[in-house]
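Step one of this worksheet: look at the structure below.
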Amino acid sequence: MKPLQPLIQHPTATEYFFAEGCFITEWWNAPADVEVSVARARVEPAVTTRWHRLHGITERYLILAGQGQVEVGDLPPEAVGPGAVALIPPGTRQRLTNTGAGDLTLLAICTPRFTLANYEDVEPV
């Protein structure tokens, strides 16, 4: 792997709907920096995202605003609000529910960076 070079960018990210059931804005996800990606996720009120997992990627949910419930692996569901962090090891199923009246907003920080090839929907049929 070639060493990282200093870089300053001002990407213009656009929010899009992801089939998991939330809105994503990719703040940082670049081939020049394979070690990390940062996306802002937004879950609307009363929405539960689909069960999914990421292969080979550790993800962290850093809750910025709103109220919700996080389910990770076999842990019991846990209420979360601003400042809460959920650590999700590679291959662990996960989902979020917005339990508040406003949007649930969080940063999804992935190491190495998120790629769609590593995403798996595991919602029961």
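Roughly speaking, what is the stretch gain from A46 to T111, that is 0.36 nm per residue apart minus the C-alpha to C-alpha distance, in nm to one decimal? All intermediate terms of the calculation are to be shown ahead of the outcome.
Details: separation 65, 0.36 × 65 = 23.40 nm, distance 2.89 nm.
In short, 20.5 nm is gained.
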For the chain, with the dipole built from +1 on Lys and Arg beta-carbon atoms and -1 on Asp and Glu ones, taken about the Cα centre, which of A84, T99, V122 lies farthest toward the positive end?
A84
Name the residues whose placed amide hydrogens come within less than 5 Å of the amide hydrogen of R95, ignoring near sequence neighbours (fewer than 5 apart) on the same chain.
E71
Extended-chain gain in nm, criterion 0.36 nm per residue less alpha-carbon gap, Y16 and A101:
28.5 nm
So for L75, L96, fewest C-beta neighbours within 10 Å to most, what's the order?
L75, L96
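Would you mind ranking C22, C110 by Cβ crowding within 10 Å, fewest neighbours first?
Values: C22 24, C110 21.
Listed from fewest to most nearby Cβ atoms, that is C110, C22.
Placing unit charges on C-beta atoms (Lys and Arg positive, Asp and Glu negative, everything else neutral), compute the dipole magnitude of the chain about its Cα centre in debye, rounded to 20. Numbers along the way, then the final one.
On the way: 9 positive and 14 negative charges, 46 e Å.
That gives the chain a dipole magnitude of about 220 debye.
Quick one: dipole size for the stretch 10-63, taken about the Cα centre, charges +1 on Lys/Arg Cβ and -1 on Asp/Glu Cβ, in debye to the nearest 20. If you can, show how the numbers build up before the last one.
Values: 5 positive and 7 negative charges, 36 e Å.
The dipole of the stretch 10-63 has a size of about 180 debye.
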Additional length obtainable on full extension of the chain from Q5 to A30, 0.36 nm per residue less Cα span:
7.7 nm
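Readers should treat all values here as calculations from the given coordinates under stated rules, not as data from a laboratory. Just so you know, these numbers come straight off a predicted model, no measurement behind them. Methodologically, a virtual Cβ is constructed for each residue, glycine included, from the backbone with ideal geometry; neighbour enumeration extends over all protein chains shown.
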